[in-house]
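Data block below; observations after.
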Amino acid sequence: MVVMVLFAISAGPTGSSDLIFLLRTAPALPPRLLIRRPVSRRSSADRPRPASHRSSSAGSARSSGSCCSSSSAPPPPRRRRFLAGGSDAGRAVATRRVLDMGAGENNPLGAQNAWDMLSEEQSQKHITTGSGDLNGILGGGIHCKEVTEIGGVPGVGKTQLGIQLAINVQIPVEYGGLGGKAVYIDTEGSFMVERVYQIAEGCISDILEHFPHSHEKSSSGNKQLQPEHFLADIYYFRICSYAEQIAAINYLEKFLGEHKDVELCIYTSQVRIVIIDSVTFHFRQDFDDLALRTRVLSELSLKLMKIAKAYNLAVVLLNQVTTKFTEGSFQLTLALGDSWSHSCTNRVILYWNGTERYAYLDKSPSLPVASAPYAVTGKGVRDVSSNHKRVRVT
Amino acid sequence: MRPPAPKPPPPPASSSSSYSRREPRPENPLLLLPSCRAAKLSLGCPLLDRLLSGGLPAASVTEIAGESATGKTQLCLQLALLAPQSPLSASSLFLHSDLPFPLHRLRRLAPKSCPNILDHVLVAAAHSPAELLSLLARAQRLLSDPGRSPHRLPIRLILLDSIASLFRADFDASPADLRRRSALFFKISAKLKELAYRHQCVVVVTNQVVDVVERDAGNTVAWSSGRRVSPALGIAWANCVNTRLFLTRELDGDGAGGSARRRMRVAFAPHLPEQSCEFVIRRDGVFGIEPPQR
């Protein structure tokens, strides 16, 4: 069986930094036979099909538990070799100029090819929502490098989900999380610190339940598993006008630059999620000029997308619901109009189904439209208890 | 010989003050935790306080919705009288849109022991959204400059009774008017929230109810007096409040003359689960009652 190994050698001072070669490891391949160019197109046939791979990882995500980001479920063996280095691979790939088939010798655009992007994406961990069903329809959780919009009626749990994500992003790497920090931009004043503390406690108790062995060393080694620690790792901005909101987002780029670790290898203390709760509130006041509003908003969303890509973080925008007058009747839609609906990569709508809360994945570039129930409990967002319903694909 | 030490960078302390004025500055939630827990306005009843996990939170807007005679105004008056004696130690600003101001009820509720407690209740009337906004602008000046009246406690409680009656007139059901109306909601709410945040105020807004005729459009619905009701002003206003308390009333048995069972329900709140508590209105105020033991 042919096994592909990925490794890098330094290309010297010629400007292009590290080069990555795909090799086929014949037993005892002498070093001088290192092939500078990818050998054959046949290797593409050896690759696992991206589509099937995604579905298999999404499938395993669905079945796995709720505590940890689950789309880092083990890839097939060949894949695992390819991604040697585990979670570091994504970052490593991102920081290298990639020279692979199809890309030119000097790769003048600095472009990545789709294959590398895919492998990078699949090596990424996702931020768990706390509910396995919800993670299931989202393909493992909230994705980094993407902008996700979450909307719903008041009281359905938008803010709860936002706070939950700000806590869950901090689950340490050794417990299957991202070990990142969170930026929470609060425009509505619903960020209640006592509730954040509760959710952090709930998250910690679930971690300890999931990793019972860590109980023994928890007294000494787990200083970071304290709710206080979780709270302190949220950068909280309270915004009182739309001008402040725009200023905060402009400032974000500078802020993230300052808080980025110099050593790329340590990404434990990086901001991995930016939550805006809600993006809407200050834009529904006195914008008589709707064209201006659209322009301001699309600039804002472009900026956020840029930040998401550049800093490898997830952007979550909470949105309100409004009634729209169409064809003689009022219907509920997400606020900010039609042009805004194009500005987010993913769109999730939270709604009530009787007395149960449901999430509906309305828009996603890669996942099917689906809905799943979730619950808001004292500990935070969780699966609906004793729920064994299958995810309904519509 | 050592080279001269590089010139030290300018001390960050001096630059950081101007820096913080220009740029948004993140806060550490951990440092906000003690004040978040302490700065709650008690309702003066342990059962209702338990429902609200200590009382009404500061720096956020709480709506009390309910049909007429469910105790909304009563609760507001009670809060206004409790605020000076509570740990918040605050004056209140009572903005009313329904005439007349219930002065007699306020006097009857005021404890005899401290006769000058009414000094700490400031009252102003607003009859239209525009009037309310200009009042709020004046309130902002009053709040930012508390030195004006040293004998008075700082204002930390704003009561608005009620938001719905401000919007009774002047607005049609046409889409253009509805848009104008909801823009005003957001404007008022943003102002209230800003005051609440900057001065750590408790803000309470009362709201009336409307009957629900068609399929509910995502708004809170409850049964009260045998009617299916929803807080007034629709889903746009629902987006404007942080916490919604719903007061409902059920008539016991045959209704006429029978005592009503009143309930305070947490419809939604960022920090509270959905739960409810029965209460009664007595001569001396609103009090929760224990659920009957089964």
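No value in this document is a laboratory result; all are computed from the given coordinates. Everything quoted here is computed from the prediction, not taken from an experiment. All Cβ positions, glycine included, derive from the backbone under ideal geometry; neighbour counts span all protein chains shown.
Just a few scattered comments:
- Anisotropy class of chain B from Cα gyration tensor, a/c 1.5 cut: prolate
- Using a cutoff of 8 angstrom between alpha carbon atoms and counting only pairs six or more residues apart, the relative contact order for segment B:57-121 works out to 34 percent.
- In chain B, the DSSP beta bridges split such that about 50 percent are antiparallel, to the nearest 5.
- Averaged over the residues of B:234-247, the number of partner chain Cβ atoms lying within 10 Å of the residue Cβ comes to 4.
- With 0.36 nm allotted per residue and the present C-alpha distance subtracted, the B:ARG50-B:ARG141 stretch has 29.3 nm of extension available.
- Likely footprinting exposure, A:LYS324, B:LYS193, fewest C-beta neighbours within 10 Å first: A:LYS324, B:LYS193
- Chain B: relative contact order in percent, alpha carbon pairs under 8 Å with at least 6 residues between: 23 percent
- Listed from fewest to most Cβ neighbours within 10 Å, the set A:ASP286, A:ASP383, B:ASP49 follows the order A:ASP286, B:ASP49, A:ASP383.
- Spin-label model, B:ASP177 to B:SER68: label points 7 Å out along the Cα-to-beta-carbon direction sit 2.2 nm apart.
- Magnitude of the charge dipole, segment B:56-243, Cβ model with Lys/Arg +1 and Asp/Glu -1, debye to 20: 480 debye
- Rounded to the nearest 5, the antiparallel percentage of DSSP beta bridges internal to segment A:126-393 is 50%.
- Over chain B: helical MRE at 222 nm, DSSP H runs n ≥ 4 each giving -39500 (n - 2.57), nearest 500: -9500 deg cm²/dmol
- Sorting A:VAL376, A:VAL296, B:VAL61 by the number of Cβ atoms found within 10 Å of their own Cβ, with the fewest placed first, yields A:VAL296, A:VAL376, B:VAL61.
- Contour minus Cα-Cα distance for A:ASP338 and A:ASN353 (0.36 nm per residue): 2.9 nm
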